[in-house]
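Worksheet: the structure to be examined is printed underneath.
The values are calculated or read from the model by the stated rules, or taken from the named source; none is laboratory data. Nothing here was measured: the structure is a model prediction, and the numbers come from that model. Here the Cβ is made from the backbone with ideal geometry for all residues, glycine too, and neighbour counts use every protein chain on show.
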Amino acid sequence: MVSRTNKFRGRSRYHGRGKKAGRGAGKRGGRGNAGINKHRLMTRLKYMPGHWGMYGFNRHPSLRNVNVSINLQQVQELAEGDSIDLSEMGYDKLLGKGRIDRAINITVAEASAR
């Protein structure tokens, strides 16, 4: 049996909506997210549960502790001699990604476990 949509496709002028009901976006209740707090409330509750509201906390920027970090593989490229002072260069923390092939004496405020 032919579905209702396919029955109207290509053969009728108004595709089963009627002459005046097919005009504009009124038949579908508006465009996009229109009516999301009114006539489409249940759709929002079912399909978009986290659409409204805020979650978690935002710390004040003055209280945030942002470390400027650098990896081992980058340190080797920066070091010219056998020692390097990362604190002087503006780095706060040394991370352990990469390998170095020579001994370098590194001075830095913090370092990761590796």
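Tell me, which residue of segment 50-81 that is among the aliphatic types (A, V, I, L, M) and in contact (Cβ under 8 Å) with a residue 24 or more places away in the chain is farthest from Arg99 (Cα to Cα)? Talk me through it step by step, then tell me what you get.
Pass one, segment 50-81, residues among the aliphatic types (A, V, I, L, M): 54, 63, 66, 68, 70, 72, 75, 78-79.
From what is left, the residues that are in contact (Cβ under 8 Å) with a residue 24 or more places away in the chain are 68, 70, 72, 75, 79.
Numbers: Val68: 20, Ile70: 13, Leu72: 6, Val75: 10, Ala79: 14 Å.
Only one residue fits best here, namely Val68.
Can you name the residue in segment 69-109 that is surrounded by 13 or more Cβ atoms within 10 Å (Cβ to Cβ) and in a strand (DSSP E or B) and is also nearest to the chain's Cα centre (by Cα) among such residues?
Ser69
Could you please let me know if Tyr55 is hydroxyl-bearing (Ser, Thr, Tyr) and either touching a His at 6+ places or on another chain (Cβ under 7 Å) or at pLDDT below 90 (or both)? So that I can check it myself, show each step before the final result.
Details: hydroxyl-bearing (Ser, Thr, Tyr): yes; either touching a His at 6+ places or on another chain (Cβ under 7 Å) or at pLDDT below 90 (or both): yes.
Yes: the conditions hold for Tyr55.
Working carefully through the options Ser12, Ser3, find the one that is modelled with pLDDT of 90 or more and either small (Gly, Ala, Ser) or closer than 30 Å to Ala113 by Cβ (or both). Steps first, please.
On the way: Ser12 fails: modelled with pLDDT of 90 or more.
Exactly one of Ser12, Ser3 is modelled with pLDDT of 90 or more and either small (Gly, Ala, Ser) or closer than 30 Å to Ala113 by Cβ (or both), namely Ser3.
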